[in-house]
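Data first, discussion second: the structure below is written as structure tokens.
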There are 2 protein chains.
Amino acid sequence: MASRQTVQSEIIVGALERMANHPTAEEVYEAVRAEHPGIGRATVFRVLGRLSDEGRIARVRINNGADHFDHRTFEHHHVRCERCGRVDDVLLEPRGREVDEAAERASGWRISGHTVQFDGVCPECQKVQAPPAE
Amino acid sequence: MASRQTVQSEIIVGALERMANHPTAEEVYEAVRAEHPGIGRATVFRVLGRLSDEGRIARVRINNGADHFDHRTFEHHHVRCERCGRVDDVLLEPRGREVDEAAERASGWRISGHTVQFDGVCPECQKVQAPPAE
DNA sequence: ACCAAAATTGATACAAATTCTCATTTGATA
DNA sequence: TATCAAATGAGAATTTGTATCAATTTTGGT
């Protein structure tokens with residue numbers, strides 16, 4: 001049921017727990033590698049994927065961007081900064097099944113869930129001058 | 001304001017309009033190439049990106065999957081099939097600004113919009129036997 | 001503690017989906 | 001129609017992973 005407990009997975013989870021905000025797998029890898037240069041990139045990606053499959057951590061899939069991970073697993077929404085790509089929580093009450101059922105009726109599909117992604121500009125990037133004129 | 005009208009962009013938009021359901025850029029490229037082998041892939045990707053930036057077509061960003069495009073631009077949600085990756089519309093009334101404003105208050109970010117992505121199994125894939133046993 | 005089987009790892013190749021570079025061509029406009 | 005920024009095409013490069021596979025490590029009995 002639960003995957004094996006390896007020294008690598010211990011280290012990876014430890015790093016994730018110490019990282020405040022929704023790091024990507026690559027960011028976790030950088031952090032892990034700083035202390036344990038022997039751990040491979042694929043292992044970090046695999047362990048994070050495995051743990052999120054088991055529900056022990058959360059994987060936040062982002063439109064057109066790398067997945068982010070979080071050691072907290074309660075359900076909520078996320079925002080992504082259009083400028084710097086940072087991801088943060090949006091603690092609005094999620095409307096669970098009811099929306100899925102409405103979508104089921106509207107589409108004829110079997111709906112297993114949904115995600116809401118907000119896009120915007122984070123407080124830090126708001127402080128920095130003019131927009132990067134896309 | 002509007003980008004230049006080139007023979008390539010004409011062809012690409014024409015192909016997109018003739019394709020029923022949310023093709024990916026790659027699929028549009030295949031369709032275009034069948035008739036006009038000279039047009040490059042990068043051009044198809046660029047033109048689709050440009051037109052969606054201008055609001056003339058819609059880009060549907062999908063968690064962990066290729067972007068899809070649609071020549072219709074009215075606002076609505078999307079479902080993605082967990083089995084075959086197909087994307088379809090979910091014609092629920094979007095709750096526009098009101099949700100963004102709530103998220104703005106909850107997060108302190110400046111929110112420019114949000115997307116809702118449903119995940120499920122399309123009618124076709126429901127017909128096909130046992131689940132792929134995740 | 002010891003062993004075998006199964007899971008995990010690390011290195012690296014591969015893959016998908018774009019984006020970038022840059023020389024060349026083309027469209028809009030003075 | 002001359003000009004010149006914008007657009008194109010070919011292919012390299014990037015980003016974000018997943019697949020392969022031999023070597024290693026865990027786990028679960030004995």
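What the table shows:
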read-out	value
Filtered residues of the stretch A:23-37 (kept if among the small types (Gly, Ala, Ser) and near DNA strand D (Cβ under 10 Å from one of its atoms))	A:Ala25
Condition check for B:Ile62: within 19 Å of A:Asp100 (Cα to Cα), β-branched (Val, Ile, Thr), within 14 Å of DNA strand D (Cβ to nearest atom) and touching a residue at least 12 places away in the same chain (Cβ under 8 Å)	yes
Unmet criterion (only one of (1) crowded, with 18+ Cβ neighbours inside 10 Å; (2) more than 13 Å from the chain's Cα centre (by Cα)) for A:Glu124	(1)
Count of residues meeting criterion [within 14 Å of chain A (Cβ to nearest Cβ) and either more than 13 Å from DNA strand C (Cβ to nearest atom) or part of a loop (DSSP other than H, G, I, E, B) (or both)] in the stretch B:25-74	9
Among the residues listed as B:Val116, B:Val99, the single one being surrounded by 17 or more Cβ atoms within 10 Å (Cβ to Cβ), of a type in the set (A, V, I, L, M, F, W, C) and in a strand (DSSP E or B)	B:Val116
Test for A:Val90: is it away from DNA strand D (no atom under 14 Å from the Cβ), crowded, with 20+ Cβ neighbours inside 10 Å and more than 7 Å from chain B (Cβ to nearest Cβ)	no
For A:Arg41: the one exception among (1) touching a residue at least 12 places away in the same chain (Cβ under 8 Å); (2) within 11 Å of the chain's Cα centre (by Cα)	(2)
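Residues checked against (1) within 20 Å of A:Gln117 (Cβ to Cβ); (2) at pLDDT 95 or above; (3) basic (Lys, Arg):
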site: B:Leu92; (1), (2), (3): yes, no, no
site: B:Arg95; (1), (2), (3): yes, no, yes
site: B:Glu98; (1), (2), (3): yes, no, no
site: B:Arg105; (1), (2), (3): yes, no, yes
site: B:Cys122; (1), (2), (3): no, no, no
site: B:Lys127; (1), (2), (3): no, no, yes
site: B:Ala133; (1), (2), (3): no, no, no
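The values are calculated or read from the model by the stated rules, or taken from the named source; none is laboratory data. Every value quoted in this text rests on a predicted model; they were computed, and no experiment measured them. In this analysis, Cβ positions are derived from the backbone assuming ideal geometry, glycine residues included, and neighbour counts consider all displayed protein chains.
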